[in-house]
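Data first, discussion second: the structure below is written as structure tokens.
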Amino acid sequence: MKKGLWIVITGLDGTGKTTLKNNIVGLLRGSNLRVKDFKFPYDKHLLDLLNNVVGGGRPWQDNYTDQMLFTLDNRVVGTTLVKEWRATNDVLVSQRGYIDSFVHGKCRGYSYAEVDSLMRTNELERCDVMIHLNAEAKIAFDRIKEDPDADKYEIPEYIKKQAAETSLAYKELLAGNPDLAAFRNIPNIYIDTTALTTYETYMRAVDELKKLNLI
């Protein structure tokens, strides 16, 4: 296994990202590997600003500031912290990654080119694989609608946009969209969890990671 391997679990809210991350982390730690388990946004202060302060805690009220805060968090993690974590861990497993800023940016009206220009993605540490989880929007929302810790984006209108943009981003990555060049040659795994249990999602992800000789 590559030292400092970084697995990103990205995709739509309500598709099982947290559960999949926890299961993969448990599998790797069960093999006596040192694992760094984290999520984006990483900075708790920025997360509070996004959820409770910017735009009065409502989506689409201040898209520019939201995008700037996501960018700041990505750059702090991607230019400094990931390097440190790779030096001291066998594997990194994150819930979300830089690609989420492109997906959410599109939901908020920004092009991939605009997001990339702001984030300067090519300067950030590259992950080794992205697992994209998606599902039918209504089913995804039904899974999280009672979540007491839901953020301001977990509403039906936003989930519908996010589902469409998650699918599109995966297709554009495979098509080699030049505005997503910073992700070039990173393997992509796409799993539609609409009709899957969390265990089935986990087994499919592990199978795909093994096919790529990553675990």
What helices (runs of 4 or more DSSP H) lie completely within region 4-114 and have 3 or more residues being of a type outside the set (S, T, N, Q) and out of contact with any Phe, Trp or Tyr (no Cβ under 8 Å at 6 or more places or on another chain)?
-> 17-29, 44-48, 63-76, 82-88
Per the filter on region 125-157, residues surrounded by fewer than 18 Cβ atoms within 10 Å (Cβ to Cβ), more than 15 Å from the chain's Cα centre (by Cα), part of a loop (DSSP other than H, G, I, E, B) and of a type outside the set (Asp, Glu) are Lys145, Pro148, Ala150, Ile155
In region 76-103, which residue that is touching a helix residue (DSSP H, G or I) at 6+ places or on another chain (Cβ under 7 Å) and of a type outside the set (Phe, Trp, Tyr) is farthest from Asn51 (Cα to Cα)?
-> Val91
Can you work out which of the residues in region 31-53 that are closer than 12 Å to Val91 by Cβ and either free of Cβ contacts under 8 Å to residues at least 40 places away in the same chain or not basic (Lys, Arg) (or both) is surrounded by the fewest Cβ atoms within 10 Å (Cβ to Cβ)?
-> Asn32
Go through Arg96, Arg126, Arg86 for me and flag whichever is in contact with a Gly (Cβ under 6 Å, 6 or more places away or on another chain) and at pLDDT 95 or above.
-> Arg86
Starting from region 171-197, take each residue that is over 19 Å from Leu209 (Cα atoms) and list its partners that are at pLDDT 95 or above and exposed (fewer than 12 other Cβ atoms within 10 Å of the Cβ), counting only C-beta distances under 7 angstrom and pairs at least six apart or across chains.
-> Ala182/Asn122
Could you say whether any residue in region 186-206 is hydroxyl-bearing (Ser, Thr, Tyr) and more than 26 Å from Val91 (Cβ to Cβ)?
-> yes
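The values are calculated or read from the model by the stated rules, or taken from the named source; none is laboratory data. Predicted model only: the values in this text are computed from it and were never measured. In this analysis, Cβ positions are derived from the backbone assuming ideal geometry, glycine residues included, and neighbour counts consider all displayed protein chains.
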